[in-house]
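First up is the structure itself, then whatever we jot down about it.
The values are calculated or read from the model by the stated rules, or taken from the named source; none is laboratory data. Predicted model only: the values in this text are computed from it and were never measured. As a convention, Cβ positions derive from the backbone with ideal geometry for all residues, glycine included, and neighbour counts pool all protein chains shown.
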Amino acid sequence: MDTKSAVELMESSAEVHFSGFHMDGFEQRKASIEQPTTSETDMYKQPFVIGVAGGAASGKTTVCDMIIQQLHDQRVVLVNQDSFYNNLTEEELTRVQDYNFDHPDAFDTEQLLRVMDKLKHGEAVDIPKYDFKSYKSDDMLRRVNPSDVIILEGILVFHDPRVRELMNMKIFVDTDADVRLARRIRRDTTEKGRDIGAVLDQYSKFVKPAFDDFILPTKKYADIIIPRGGDNHVAIDLIVQHIRTKLGQHDLCKIYPNLYVIQSTFQIRGMHTLIRDAKTTKHDFVFYSDRLIRLVVEHGLGHLPFTEKQVITPTGSVYTGVDFCKRLCGVSVIRSGESMENALRACCKGIKIGKILIHREGDNGQQLIYEKLPNDISDRHVLLLDPILGTGNSAVQAISLLIKKGVPESNIIFLNLISAPKGVHVVCKSFPRIKIVTSEIEIGLNEDFRVIPGMGEFGDRYFGTDDDDEQVVVSSQ
């Protein structure tokens, strides 16, 4: 189709609180993520890392034990920052009472980073055990195997930004200072054999100042703050529920909080099986594609803002519900994206739908050929429609145009049926505030930048314009 005929054709178509449980911007995690240095396959196997910080005797270990106990059906390992204390020199041992064990310099953070890096890349590690009587690591090493979940616990695990970057979830255990002191006295006198006077002296000289100067300031980095530590069972239950949700998601969802993959069922897998089959007839391909597209659209609409609304039911009762977002529109990337318009119209009566046509110049270059968008699009939430996200180049071009037209990045929801990891990386790193909703994540791209396993050239199969004599190829954009 030449440029002129395409244009003519388009012109003719027209902070949260639960029982004292605080979630401070957990979904607003820092979206500027470094480009992964490992292969996509290796990266997907990386574990879910939870950091648990807080003052000494705040109940961090209890919180960790409760999480591990509730995640009994998952492989979970605990790494303690205490294992990475620096060995004291002979000179430091002679005046150990003047050594600040709550200072960041007391820890061998470089060794901790090496251990965590190996665990994240699927390697078993040997972690030293620190002896608080000799103030040195003993010869006994603890073998830790790679697991689905790694919990990193310690008073200062949020202090070093390199350690924080390793974490998918950061929890700060916030316990009253008097409670922490009472626990510390009981622990140090019973478990470590220390004199109560020495414990109090150390607390006033080092522990409290270090908490105020180094530990408490890291509370701002926490995604979740738990008051009362292990006594807050409601908070622990909510955290475990969230972890289970994350573990059930595709690994890319752990990296990009703005990526949403609809929950798979046998019905969804069955429909994917049919539309991916090269022998499926056009009629069946369209029918099952429409069903999947409808699911994606419905899921995407669930991410739009809403307002509370009360109505009177036919029984005279009051029902408290929500009112849909009215200021929205669709934008389809021609021509495959037009296959998603009917589902959107079926869900949103009278919705305006714009068009964008992007010409592909080889596999990596795109040129905007045509666009027809609502005049007031900058005031609307936009559902961007394109069934295949491959290299991400066309998506970036389309999103860039919408932003140029004044649409806030956070007002764009990109809907597609299948997404290749490459495209997800490109779009999420370029536009960290948009949302991507898809039904499946693909294996990747082949040497020709084609999505695999894919489902064929979607537009040709959907609209019946593919050449049966030619080999079916998969869409790359």
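Which one is surrounded by the most Cβ atoms within 10 Å (Cβ to Cβ), of the residues in region 306-331 that are under 26 Å from the mean Cα position of the chain (by Cα) and farther than 25 Å from LYS355 by Cβ?
PHE306
What do you reckon, is ASP251 in contact with a helix residue (DSSP H, G or I) (Cβ under 9 Å, 6 or more places away or on another chain) and of a type in the set (Asp, Glu)?
yes
Scan (1) under 18 Å from ALA57 (Cβ atoms); (2) out of contact with any Leu (no Cβ under 8 Å at 6 or more places or on another chain); (3) not polar (S, T, N, Q) for the single condition LEU141 breaks and write down its number.
Answer for LEU141: the failing condition is (1).
If LYS192 passes every condition in (1) of a type in the set (Lys, Arg); (2) part of a loop (DSSP other than H, G, I, E, B); (3) at pLDDT 90 or above but one, which one does it miss?
(3)
For region 195-230, give me the residue count where each residue is among the acidic types (Asp, Glu) and part of a helix (DSSP H, G or I).
Residues of region 195-230 that are among the acidic types (Asp, Glu), as a first pass: 195, 201, 212-213, 223.
Next, only the ones that are part of a helix (DSSP H, G or I) stay: 201, 212-213.
Result for region 195-230: 3.
Please go through (1) touching a Pro at 6+ places or on another chain (Cβ under 7 Å); (2) surrounded by fewer than 18 Cβ atoms within 10 Å (Cβ to Cβ) for ARG75 and return the number of the only condition it doesn't satisfy.
Answer for ARG75: the failing condition is (1).
Just give me the residues in region 246-269 being buried (at least 16 other Cβ atoms within 10 Å of the Cβ), in contact with a His (Cβ under 9 Å, 6 or more places away or on another chain) and of a type outside the set (A, V, I, L, M), in sequence order.
TYR256, TYR260
Any residue that is closer than 22 Å to LYS405 by Cα, out of contact with any strand residue (DSSP E or B) (no Cβ under 9 Å at 6 or more places or on another chain) and assigned by TED's automatic domain parsing to the domain that holds SER439 - is there at least one of those in region 321-339?
Of the residues in region 321-339, the ones closer than 22 Å to LYS405 by Cα are 325-335, 337-338.
Cutting the leftovers down to out of contact with any strand residue (DSSP E or B) (no Cβ under 9 Å at 6 or more places or on another chain) gives us 326.
Next, from what is left, pick out any that are assigned by TED's automatic domain parsing to the domain that holds SER439: 326.
Yes: region 321-339 contains one or more residues that are closer than 22 Å to LYS405 by Cα, out of contact with any strand residue (DSSP E or B) (no Cβ under 9 Å at 6 or more places or on another chain) and assigned by TED's automatic domain parsing to the domain that holds SER439.
Out of the residues in region 398-434 that are part of a strand (DSSP E or B) and of a type in the set (A, V, I, L, M), state the one that is nearest to HIS250 (Cα to Cα).
ILE418
Give me the pairs: first residue in region 173-190 and in the same structural domain as VAL207 (by TED's automatic domain parsing) and farther than 16 Å from ILE155 by Cβ, second residue aliphatic (A, V, I, L, M) and assigned to a helix (DSSP H, G or I), beta-carbon distance under 8 Å, and six or more apart or on different chains, which are they?
What qualifies is ILE185/ILE196; ILE185/VAL199; ILE185/LEU200; THR189/ILE196; THR189/VAL199.
The rows are residues; the columns are (1) among the acidic types (Asp, Glu); (2) in contact with a Ser or Thr (Cβ under 9 Å, 6 or more places away or on another chain).
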position	(1), (2)
VAL76	no, yes
VAL79	no, no
PHE107	no, no
MET116	no, no
HIS121	no, yes
ASP160	yes, yes
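Sort through VAL333, VAL396, VAL382 and tell me the only one that's more than 19 Å from PRO432 (Cβ to Cβ) and modelled with pLDDT of 90 or more. Before you say what the answer is, go through the steps one by one.
Values: VAL396 fails: more than 19 Å from PRO432 (Cβ to Cβ); VAL382 fails: more than 19 Å from PRO432 (Cβ to Cβ).
Just a single option satisfies the conditions, and that option is VAL333.
Does VAL234 satisfy the condition of being surrounded by fewer than 16 Cβ atoms within 10 Å (Cβ to Cβ) and closer than 30 Å to VAL63 by Cα?
yes
Determine which member of the set ILE356, ILE369 is modelled with pLDDT under 90, assigned by TED's automatic domain parsing to the domain that holds GLY454, among the aliphatic types (A, V, I, L, M) and touching a strand residue (DSSP E or B) at 6+ places or on another chain (Cβ under 9 Å). Break it down stepwise before answering.
On the way: ILE356 fails: modelled with pLDDT under 90.
Among ILE356, ILE369, only ILE369 is modelled with pLDDT under 90, assigned by TED's automatic domain parsing to the domain that holds GLY454, among the aliphatic types (A, V, I, L, M) and touching a strand residue (DSSP E or B) at 6+ places or on another chain (Cβ under 9 Å).
For region 392-402, does any single residue satisfy the condition of being in contact with a Lys or Arg (Cβ under 7 Å, 6 or more places away or on another chain), in the same structural domain as PRO453 (by TED's automatic domain parsing) and more than 27 Å from VAL451 (Cβ to Cβ)?
Looking for residues that are in contact with a Lys or Arg (Cβ under 7 Å, 6 or more places away or on another chain), in the same structural domain as PRO453 (by TED's automatic domain parsing) and more than 27 Å from VAL451 (Cβ to Cβ), one finds none in region 392-402, hence no.
Among the residues of region 124-155, count how many are outside any strand (DSSP E or B) and either among the small types (Gly, Ala, Ser) or modelled with pLDDT under 90 (or both).
Total meeting the criteria: 10.
If I ask for residues that are assigned to a strand (DSSP E or B) and within 26 Å of the chain's Cα centre (by Cα), which ones from region 60-112 would you list?
The answer is VAL76, VAL77, LEU78, VAL79, ASN80.
Restricting to region 319-353, count the residues that are touching a Pro at 6+ places or on another chain (Cβ under 8 Å) and either among the hydroxyl-bearing types (Ser, Thr, Tyr) or over 20 Å from PHE458 (Cα atoms) (or both).
Adding up the residues that qualify gives 5.
Give the residue that is nearest to ILE236 (Cα to Cα), with candidates limited to residues of region 170-221 that are small (Gly, Ala, Ser) and touching a Phe, Trp or Tyr at 6+ places or on another chain (Cβ under 9 Å).
ALA177
Would you pick out the residues in region 124-149 that are β-branched (Val, Ile, Thr) and within 19 Å of ASP108 (Cβ to Cβ)?
Of everything in region 124-149, those that are β-branched (Val, Ile, Thr) and within 19 Å of ASP108 (Cβ to Cβ) turn out to be VAL125, ILE127, VAL144.
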